[in-house]
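Student: Just passing along the structure, written as structure tokens.
Bear in mind these aren't lab numbers, they're just calculated from the coordinates by the rules spelled out. None of the values given here were measured: they were computed from a predicted structure. Methodologically, a virtual Cβ is constructed for each residue, glycine included, from the backbone with ideal geometry; neighbour enumeration extends over all protein chains shown.
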Amino acid sequence: MSECSTATVNPPALDEGVQLLYNLSKEDLVKIIVDDAKNWLAHDGLWFQAIEKAHGMDAAIEADIEAWRRFTVIEAKRIMARIGIEPGGGIAALVECLKHRLYARLNLQEAIEVTEQRAVFRMVDCRVQSARKRNGLPDFPCKPVGMVEYSEFARTIDPRIETRCVACPPDAHPDEFWCAWEFFLTEE
């Protein structure tokens, strides 16, 4: 890994795993962030497969829903704190926070039809679904998990935001995206 051309920073009382990050180039930091996101997703998939093998697909999906119900709120709160967004920021805050999720480091995504009252978010290329397709497997039926994941994420950003699934496997979807979600601002 290459060193930054700037002076070395030695933050006090950090473990060496964090300390070494302060002396890396921006390029190396980006590589680490993307690799860490891949590791997170690999763990998520292996965890799911272990539950599925031991207890079946329905139990694995139910466990996944409950894990996402909690994780997505934690992720949203951490993103908001990191980028300085207060709760209640509406659709603009949600669209910005979606760009900072772990998934945004791995998947191709876009927010379209963005107004103050509404946005449509599409997962153009999903790493999990694309891998399944390459391996000749059917789409993973992630809609029930996605309903909880996206609804809770949006509601954490702004409790006035409601979420509607446009399409998500096992639903049919066009070739242009794997899943799409509509977010709209409601009156309190």
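Student: Quick one: count up the residues across region 147-168 that are surrounded by 19 or more Cβ atoms within 10 Å (Cβ to Cβ) and within 17 Å of V124 (Cα to Cα).
Tutor: Total satisfying the criteria: 2.
Student: Turning to a different aspect of this structure: Which one is surrounded by the most Cβ atoms within 10 Å (Cβ to Cβ) among residues in region 72-91 that are free of Cβ contacts under 8 Å to residues at least 12 places away in the same chain and under 27 Å from V30 (Cβ atoms)? Full working, then the answer.
Tutor: In the first step, residues of region 72-91 are kept if they are free of Cβ contacts under 8 Å to residues at least 12 places away in the same chain; the result is 74, 78, 81, 84, 86.
Applying the additional criterion that residues be under 27 Å from V30 (Cβ atoms) yields 74, 78, 81, 84.
Values: I74: 10, R78: 12, A81: 10, G84: 6.
Across region 72-91, the extreme among qualifying residues is R78.
Student: Residues that are farther than 20 Å from I65 by Cα, at least 1 per element: which helices (runs of 4 or more DSSP H) completely within region 76-188 meet that? Break it down stepwise before answering.
Tutor: Values: elements: 90-98, 127-134, 143-157.
The qualifying helices (runs of 4 or more DSSP H) are 90-98, 127-134.
Student: Taking L94 as the residue in question, decide whether it is surrounded by 17 or more Cβ atoms within 10 Å (Cβ to Cβ), touching a Leu at 6+ places or on another chain (Cβ under 8 Å) and of a type outside the set (K, R). Reasoning before the result, please.
Tutor: Working: surrounded by 17 or more Cβ atoms within 10 Å (Cβ to Cβ): yes; touching a Leu at 6+ places or on another chain (Cβ under 8 Å): no; of a type outside the set (K, R): yes.
Answer is no for this residue.
Student: Output the qualifying pairs, or none if there are none: Cβ atoms under 8 angstrom, residues six or more apart or on different chains, first residue in region 95-109 and of a type in the set (D, E), second residue in a helix (DSSP H, G or I).
Tutor: Hits for this filter: E96/I83.
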